[in-house]
Amino acid sequence: MNLEDHLGDIIRKARIAAKVSSVAAAQAANLAQETYAAIEDTGTSVLDVDLAALASVVGLQPQKLKRIANGWVPAAVDLSLWRELRRITTSCSDYSVNCYLIWDEVTREAALFDTGFEAGPIFQVIDENQIQLRHLFITHTHEDHVAALGPIRERFPKVKLHSSSKHAPIEQRNRPNDFIDLGSLRITNRDTPGHAEDGVTYIIGNFPDDAPSTAIVGDAIFAGSMGKAPENPDLAKQKIREQIFSLPADTLICPGHGPFTTVSQEKENNPFFK
Ligand SMILES: [Fe+2]
């Protein structure tokens, strides 16, 4: 799976967060305006670009940005370590979103994290594995993450919803020290607003055979990038540092878009962080 954001997307997000105009960014990198615009649009044509100068003017870490330009992607993940965790990716036109399904292999109780665009592929995994969907956790209420909520609730009317939306009924709202047991798995939550006001990260621990915990982060952070947060860029970064980077280094990050990554790989390679 490719990175969610190419080099140009990363630079544009950082530039907007830093409130730098594209004219000023082009000047800093010694580029014609059209050349700079093409870089933001395509993420390519960067051979002669002074990426370090560009990185510092938009507030990105220069070495990490160069690594992305050189094709960095997170190490491939052996999903069989986590019994049982599945990523389900659905698309709408050219745009994809991930949701995640976990279950306890003994009790067969399952929890879904976001819905993506389509319920069909989720029903298929549920049916094939003969599991019972008990919980539906929402990382944030942007449309792509909750688009299939209707058909899922229709088929599983007793599924318990969890979200941090202030519009959700009180009994569905996450509380800071909540934990939910799913067989031997344990699910906790940490607030990660910034990209979305109701952004929350769910941590799943106690996997069999000491597999590392997993963090379902929604759009808070992506491999090599982060969800756009033009209104609250500082808050978004602060929450990633405090709530996600404080997790154990081997924690598997499961983003709403793009590939799996880990806390250690993001600390090492994500150009939004020094
Ligand atoms: Fe989002």
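Worth pointing out:
- Wholly enclosed strands (runs of 3 or more DSSP E) of region 95-154 bearing at least 1 residues within 16 Å of the ligand (Cβ to nearest atom), touching a helix residue (DSSP H, G or I) at 6+ places or on another chain (Cβ under 9 Å) and more than 18 Å from Gly199 (Cα to Cα): 95-103
- Look at (1) more than 16 Å from the ligand (Cβ to nearest atom); (2) modelled with pLDDT under 95 and you find that Ala168 fails only one, number (2).
- All positions within region 199-234 that are within 15 Å of the ligand (Cβ to nearest atom) and surrounded by fewer than 21 Cβ atoms within 10 Å (Cβ to Cβ): Lys228, Pro230, Glu231, Asn232
- Residues satisfying the stated conditions in region 92-108, i.e. surrounded by fewer than 17 Cβ atoms within 10 Å (Cβ to Cβ) and over 16 Å from the mean Cα position of the chain (by Cα): Cys92, Ser93, Asp94, Glu105, Val106, Thr107, Arg108
- Within region 118-145, tally of residues that are within 21 Å of Ile253 (Cα to Cα) and either surrounded by 21 or more Cβ atoms within 10 Å (Cβ to Cβ) or acidic (Asp, Glu) (or both): 8
- Only residues that are free of Cβ contacts under 8 Å to residues at least 40 places away in the same chain and not in a loop (DSSP other than H, G, I, E, B) were counted in region 243-263, giving 1.
The values are calculated or read from the model by the stated rules, or taken from the named source; none is laboratory data. In this text, all values refer to a predicted model and were calculated from it rather than measured experimentally. Here the Cβ is made from the backbone with ideal geometry for all residues, glycine too, and neighbour counts use every protein chain on show.
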